[in-house]
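As structure tokens, the structure follows; a few thoughts come after it.
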Amino acid sequence: MTAFGGVRGMIDITLPSLVFIVTFNLTHNVADAAWGALGLSAVLVVLRLLRRESLQHAFSGVFGVAIGAWISMKTGKAENFYLPGLLWNVGYCVALAISALVRWPLIGLSLGPVTGEMFTWRTQNPGRLAAYTKATWAWVVIMGLKPLILFPLYFTHNVNLLGWLKVALGIPPLVLAMYVTWRILLTAPPPIKAELPQDEDEERS
């Protein structure tokens, strides 16, 4: 879970969308909702700074919220707040699919450093490569369902249902994808630890 942002990373991504749809329902004002979501994203980054936590997922979340807020305020259409996230989701699924096709599955690239195997799964462990490829395709299917469900709501300007479903489909698909990945890797060959360069090995000893 740490490799994918952990619980905090998932919360940081989901909460601004919740604030946006709640504020929009209360005020019926796109700007108020956009500034509310953007303000919360900024607060989450400050909290991570104070706790000296990783800012990678927080900054990516702020970036997406900022673009969505700008587009929605520029156009006056609340549904456009969710457009960057939907496009990112499509792009992510395409990247996952391409990585699996070229035999450099993104799930392996993400988990390799966490397990200590780095890229040995690709050159020395064919069973592990097959498992990471299978897991990557599982992510394509699971994460691909979100834009398939949400884009029709976006194109029909159903802001309320789009907003609430965006929140509802924030964490569960990620948890499901991580669970499926875990189940696939349970039956895979164990990781082969990558050999560190001699000078790096001496520094750690």
| said: Condition first: assigned to a helix (DSSP H, G or I), at pLDDT below 95, of a type in the set (D, E, K, R) and over 30 Å from Ala34 (Cα atoms). Now tell me which residues in region 151-205 satisfy that. | reply: Asp199, Glu200, Asp201, Glu202, Glu203, Arg204
| remark: Only one of Gly108, Gly61 is surrounded by 19 or more Cβ atoms within 10 Å (Cβ to Cβ), under 22 Å from Pro16 (Cα atoms) and touching a helix residue (DSSP H, G or I) at 6+ places or on another chain (Cβ under 7 Å), namely Gly61
| Under 8 Å by Cβ, and 6 or more places apart or on different chains, what pairs join a residue from region 66-79 that is closer than 21 Å to Trp164 by Cβ with one that is assigned to a loop (DSSP other than H, G, I, E, B)? | Lys77/His157; Glu79/His157; Glu79/Asn158
| task | Sort out for me the helices (runs of 4 or more DSSP H) sitting completely within region 13-119 that have 3 or more residues that are within 21 Å of Ile142 (Cβ to Cβ) and either more than 20 Å from the chain's Cα centre (by Cα) or not charged (D, E, K, R) (or both). | result | 56-75, 83-101, 106-115
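The values are calculated or read from the model by the stated rules, or taken from the named source; none is laboratory data. Small disclaimer: the values here were computed from a predicted structure and weren't measured. Cβ atoms come from the backbone with ideal geometry, glycine included; neighbour counts cover every protein chain shown.
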